[in-house]
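This report refers to the structure that appears directly beneath it.
The values are calculated or read from the model by the stated rules, or taken from the named source; none is laboratory data. Just so it is clear, the structure is predicted and the values come from calculations on it, not from any experiment. Quick reminder, even Gly has a Cβ in these numbers, built from the backbone with ideal geometry, and neighbours come from all protein chains shown. Calculation scope for accessible area: heavy atoms of the full protein, side chains included, ligands and nucleic acids excluded. Shrake-Rupley method; radii C 1.70, N 1.55, O 1.52, S 1.80 Å.
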Amino acid sequence: MNIKPLADRVVIKSVEKEEKTKSGIVLPDTAKEKPQEGEVVAVGEGKKLDNGEVIAPEVSVGDVVIYGKFAGTEIKHEGEEYLILSEKDILALLK
């Protein structure tokens, strides 16, 4: 990947799940909710404090995370869709 996030930003590739209703009907893309789960594909160096100290990010490449529904900025790079967001918008790690 040749996207390098700055500071405490993280690049995430959304995990697409095929959604079905309880009765087995597959929902089309237009009826699906925006995904809130994804895999971290790039991480910035960390948040820089006023005194120059850098706090390392808590997430690393390969982590699967849950993030806020309206967090970040969607981008398209080399035919793939990604989300760039601040580390503070990540709510949890999935293990």
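Residue-by-condition table, conditions (1) at pLDDT 95 or above; (2) aliphatic (A, V, I, L, M); (3) over 20 Å from residue 82 (Cα atoms):
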site: 12; (1), (2), (3): yes, yes, no
site: 16; (1), (2), (3): no, no, no
site: 21; (1), (2), (3): no, no, yes
site: 33; (1), (2), (3): no, no, no
site: 43; (1), (2), (3): yes, yes, no
site: 64; (1), (2), (3): yes, yes, no
### Message
Pull out all pairs, ordered by first then second residue, where Cβ-Cβ is under 7 Å, the residues are six or more apart or on different chains, the first lies in segment 1-25 and is of a type in the set (Asp, Glu) and in a loop (DSSP other than H, G, I, E, B), and the second is surrounded by 11 or more Cβ atoms within 10 Å (Cβ to Cβ) and at pLDDT below 80.
### Response
16/35; 19/27; 19/32
### Query
When residues of segment 51-70 are filtered for being under 17 Å from residue 16 (Cα atoms) and open to solvent by less than 50 Å² (accessible area, probe 1.4 Å), how many remain?
6
### Task
Among the candidates 38, 79, 72, 46, single out the residue that is over 11 Å from residue 13 (Cα atoms) and touching a Leu at 6+ places or on another chain (Cβ under 8 Å).
72
### Message
All but one of (1) of a type in the set (Ser, Thr, Tyr); (2) surrounded by 17 or more Cβ atoms within 10 Å (Cβ to Cβ); (3) out of contact with any Ser or Thr (no Cβ under 9 Å at 6 or more places or on another chain); (4) within 15 Å of residue 4 (Cα to Cα) hold for residue 73; state the number of the condition that does not hold.
### Response
(2)
